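Down below is the structure, laid out as structure tokens.
We did not get these values from a lab; they are worked out from the coordinates using the rules stated. In this text, all values refer to a predicted model and were calculated from it rather than measured experimentally. Note that each Cβ is placed from the backbone with ideal geometry, even for glycine, and that neighbours are counted across all protein chains shown.
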Amino acid sequence: MTSTVIYEGDLRTVAQHNASGTRIETDAPVDNHGKGERFSPSDLVATSLGSCMMTIMGIKARDLDLDLKGTRIEIQKTMKSDPRRISGISLTFHLPTGLKLSEKDRKILQLVAETCPVINSIHPDIDVQVNFNWQTVVEKAI
């Protein structure tokens, strides 16, 4: 079993990763009767895509003896109604300025990111836009 989700009431859930005990809380968003105090489940879908792409890039970067530490991804999720669903996910990668990448390295990293397991699991009706800013200063911390 991967995880367990418990409904705490008031449109909040707590998910627990069974192997590590790590917990994630979710709330329904304000525009859907919730408090919006936590990630919504659909926020997690979009965020999972960014995390998966970055993880796969990190694996390949390690193979290429590159350090992607400090890379930041800005993620925008767009919703549609009737039925309510995710209609688009936009991801903008900001890679560290000091990172020296050849054109070949860039193409390899972009290819592996765009073939991660999560992106391959997203319904084709969801418009996924990915932009890589290869020479951007990364200063914002989470």
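Suppose the chain between Phe39 and Glu74 were pulled fully straight at 0.36 nm per residue; how much longer would it get relative to their current alpha carbon spacing? Before the final figure, lay out the partial values.
Values: separation 35, 0.36 × 35 = 12.60 nm, distance 1.49 nm.
Taking 0.36 nm per residue and subtracting the Cα distance, the gain is 11.1 nm.
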Item to check | Size of the chain as Cα extents on the principal axes (Å, biggest first) | outcome: 51, 36, 29
Checklist entry - For the chain, modelled as a Gaussian network with Cα springs under 10 Å, which listed residue fluctuates most, Ile24, Ile56, Ile122? => result Ile24
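What FRET efficiency would be calculated for the residue pair Lys107, Thr55, taking the C-beta separation as r and a Förster radius of 30 Å, to the nearest 0.05? Can you show the working numbers first?
On the way: r = 19 Å, r/R0 = 0.63.
Given R0 = 30 Å and the Cβ-Cβ separation, E is 0.95.
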Checklist entry - Where a Cα-Cα gap under 29 Å defines reach, which lysines qualify for Lys104, not counting those fewer than 8 residues away within the same chain? => result Lys60, Lys69, Lys140
Next on the checklist: Compute a Gaussian network model of the chain, connecting alpha carbons closer than 10 Å, and tell me which residue from Gly50, Gly34, Gly21 fluctuates the most.
Outcome noted: Gly21
Checklist entry - For the pair Asp63 and Lys100, what calculated FRET efficiency results from E = 1/(1 + (r/R0)^6), where r is the Cβ-Cβ distance and R0 = 22 Å, to the nearest 0.05? => result 0.85
Checklist entry - How large is the charge dipole for the chain, taken about the Cα centre, if only the Cβ atoms of Lys, Arg (+1) and Asp, Glu (-1) carry charge, to the nearest 20 debye? => result 260
